[in-house]
Amino acid sequence: MKKLTITLLSLILSASLFAQERKTFDFIVPDNGDFKAAIAKANSRKDQSKRFRIFIKQGNYIIPASETSTVKGMDDVEYPDPRTDLTASNVSIIGEGMEITTLTNTPPMNLIEGQWGPACPIEGLRKCYTLKNSGTDNYIQDLKLINGMKDHTGRGEALEDNGNRTICKNVGLWGYQDTYCSNNGNSRMYFEGGVIRGRTDYICGKDDIFFQGVEFRNVDAGGYIAVPSRPKQYGYIMRDCIITAEDPEKCDQNYTLGRPWGQGTPIALWINTTCMVIPKAIGWADMSGGWPAQYAEYGSVDKDGKALDLSGRKYSWTDKEGNIHPNKPVLSKKEAANYTVENVLGGDDNWDPQALTKPIDKPTNVLLNGKIITWDDDKQALCWAICQDGKVICFTTKNSYKIKNAGNYSVRAVSQMGGLSEPANL
């Protein structure tokens, strides 16, 4: 009976895998409107249990500041609001490619005198972000979010995430200070690939975040990368990541892996990191008298694959009252092996983000007969993208397309989450 039950369950699960949706994107930028309009439509729909998919064609898009709402600056002047808010759940935002699909917000360009020198008048957490997410199960892939604030002029998030179970695959986040901020306090997020660029505290905040194979790109010398505050349980886990710099000569041995934003709560673990530029020997920095629950690493190597010397890493922090808080800065092999996506993010609901980021196979048997392109059907595909001269021109739910204009054509399959496969060329 037990064997029969398991067999029936397997059949049910297998059937559910093939019961996939077949449709095109709900909103295409710029064909159906701009990015603000796409987000507004996603936010306003009544049934948010179904996935709403936005596709952004390649291009460099400037998100204009609001004409109706403002943000009060440090100079008491009201400035047009440069922020965009995704409040809906089950939304996919898909670009045509991280390096060819960019979204930049429009903060004020004038500078005022700030605490640390010339500053954007609306610099600060939650005052000038490019995109804020507060929904559940939202998915972003193959695009770049840029905060338009000038470098060295304050805090400006490319992405603020107040949501839960957010996935970012091959996403670029561009900023200088606080480029990415997680701010729910009881959630899990997953990054796979992509690039996060900044200088000061450029990944920061709460929650459990798993960064898998992400490139962390230092803008300038003397910076700090990971600055978590309060975890759900595991904190910030960076696994199989790479640390680079826009100016390697300036940044080499002149930055730290992070600093503690909190008293006894921050957790940041770097596992199997390739350091194209080497951090300072101490590894970690101080911040406002705070101390971590644990800041540590395992398997860190230089650009040639040689193990880094971790003997000089920071073993303790001293608080404002002079109390010393010990730290174990090096993980054992067994400890490091425990920090997997499954263990860190699985939770009570067995969330498996890697099942959702799994790339769909590119179309097979792509043929041209006269003016008709055909390819094999794939029950896993949401639809297919038709590309002319390397650019997406349209989508179809059929496994055929009639050519209208001359050019070099290719076909890309679209996954259920909205991500595009590699192109299958004629």
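The values are calculated or read from the model by the stated rules, or taken from the named source; none is laboratory data. On a predicted model such as this, the values are computed, not experimentally measured, just so you know. For neighbour counting, all protein chains shown are included, and Cβ atoms are generated from backbone atoms with ideal geometry for every residue, glycine included. Quick note on the areas: whole protein, heavy atoms, side chains included, nothing else; ligands and nucleic acids left out. Shrake-Rupley method; radii C 1.70, N 1.55, O 1.52, S 1.80 Å.
So which residues in segment 98-124 are in a strand (DSSP E or B) and open to solvent by less than 50 Å² (accessible area, probe 1.4 Å)? Talk me through it step by step, then tell me what you get.
Taking segment 98-124 first, the residues in a strand (DSSP E or B) are 101-104, 112-114, 117-119.
Matches in segment 98-124: 101, 102, 103, 104, 112, 114, 117, 119.
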For segment 290-302, name all the residues that are part of a strand (DSSP E or B) and either touching a Pro at 6+ places or on another chain (Cβ under 9 Å) or touching a residue at least 60 places away in the same chain (Cβ under 8 Å) (or both). 291, 294, 295, 296, 297
By residue number, the members of segment 143-165 that are open to solvent by less than 10 Å² (accessible area, probe 1.4 Å) and within 18 Å of residue 418 (Cβ to Cβ) are 143, 145, 159, 163
Within segment 303-318, can you find the residues that are surrounded by 16 or more Cβ atoms within 10 Å (Cβ to Cβ) and part of a strand (DSSP E or B)? 317
Considering segment 411-426, residues that are of a type in the set (A, V, I, L, M) and in a loop (DSSP other than H, G, I, E, B), and then whichever is most open to solvent (accessible area, probe 1.4 Å), we arrive at 426
Listed residues 17, 11, 86; which is modelled with pLDDT under 95 and either in contact with a Ser or Thr (Cβ under 9 Å, 6 or more places away or on another chain) or farther than 24 Å from residue 420 by Cβ (or both)? 11
Scanning for something more than 19 Å from residue 177 (Cα to Cα) and aliphatic (A, V, I, L, M), does segment 112-135 turn up at least one residue? no
Within the bounds of segment 128-144, is there any residue that is of a type outside the set (Asp, Glu), out of contact with any helix residue (DSSP H, G or I) (no Cβ under 8 Å at 6 or more places or on another chain) and more than 26 Å from residue 36 (Cα to Cα)? no
Checking residue 168 against (1) in contact with a Phe, Trp or Tyr (Cβ under 6 Å, 6 or more places away or on another chain); (2) surrounded by fewer than 21 Cβ atoms within 10 Å (Cβ to Cβ), which single condition isn't satisfied? (2)
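Taking the conditions exactly as written (touching an Asp or Glu at 6+ places or on another chain (Cβ under 8 Å), surrounded by 21 or more Cβ atoms within 10 Å (Cβ to Cβ) and within 25 Å of residue 336 (Cβ to Cβ)), does residue 291 satisfy them or not? Lay out the reasoning, then the answer.
Numbers: touching an Asp or Glu at 6+ places or on another chain (Cβ under 8 Å): yes; surrounded by 21 or more Cβ atoms within 10 Å (Cβ to Cβ): yes; within 25 Å of residue 336 (Cβ to Cβ): yes.
Criteria met by residue 291.
Filtering segment 160-179 down to residues that are under 8 Å from the mean Cα position of the chain (by Cα) and not small (Gly, Ala, Ser), which residue is nearest to residue 107 (Cα to Cα)? Let's see the steps before the verdict.
First, pick out the residues of segment 160-179 that are under 8 Å from the mean Cα position of the chain (by Cα): 167-173.
In the following step, the residues that additionally are not small (Gly, Ala, Ser) were identified as 167-171, 173.
On the way: 167: 26, 168: 24, 169: 26, 170: 25, 171: 21, 173: 16 Å.
Taking the candidates together, the pick is 173.
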Find all pairs meeting these conditions: Cβ atoms under 9 angstrom apart; at least six residues apart or on different chains; first residue within segment 200-215 and free of Cβ contacts under 8 Å to residues at least 60 places away in the same chain and at positive phi; second residue in a strand (DSSP E or B) and open to solvent by 10 Å² or more (accessible area, probe 1.4 Å). 207/164; 207/188; 213/192; 213/239; 213/242
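A quick yes/no check of all residues on (1) within 18 Å of residue 106 (Cα to Cα); (2) part of a strand (DSSP E or B):
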{"residue": "32", "(1), (2)": "no, no"}
{"residue": "37", "(1), (2)": "yes, no"}
{"residue": "43", "(1), (2)": "no, no"}
{"residue": "50", "(1), (2)": "no, no"}
{"residue": "61", "(1), (2)": "yes, yes"}
{"residue": "66", "(1), (2)": "yes, no"}
{"residue": "71", "(1), (2)": "yes, yes"}
{"residue": "79", "(1), (2)": "yes, yes"}
{"residue": "83", "(1), (2)": "yes, no"}
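Every residue, every condition in (1) under 26 Å from the mean Cα position of the chain (by Cα); (2) under 30 Å from residue 186 (Cβ atoms), yes or no:
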residue	(1), (2)
346	yes, yes
352	yes, yes
355	yes, yes
363	no, no
374	no, no
382	yes, no
420	yes, no
Matching residues, segment 130-151, being under 22 Å from residue 48 (Cβ atoms) and assigned to a loop (DSSP other than H, G, I, E, B): 134, 135, 137, 138
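Within segment 78-85, does at least one residue satisfy the condition of being open to solvent by 50 Å² or more (accessible area, probe 1.4 Å), closer than 30 Å to residue 393 by Cα and in contact (Cβ under 8 Å) with a residue 40 or more places away in the chain? Even if it seems obvious, please write down each step before you answer.
Residues of segment 78-85 open to solvent by 50 Å² or more (accessible area, probe 1.4 Å): 78, 80, 83, 85.
This time we only want the ones that are closer than 30 Å to residue 393 by Cα, so: 83, 85.
Next, only the ones that are in contact (Cβ under 8 Å) with a residue 40 or more places away in the chain stay: 83, 85.
Scanning segment 78-85 turns up at least one residue that is open to solvent by 50 Å² or more (accessible area, probe 1.4 Å), closer than 30 Å to residue 393 by Cα and in contact (Cβ under 8 Å) with a residue 40 or more places away in the chain.
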Under 8 Å by Cβ, and 6 or more places apart or on different chains, what pairs join a residue from segment 100-122 that is closer than 16 Å to residue 147 by Cα with one that is crowded, with 22+ Cβ neighbours inside 10 Å and among the hydroxyl-bearing types (Ser, Thr, Tyr)? 103/130; 104/130; 105/129; 105/130
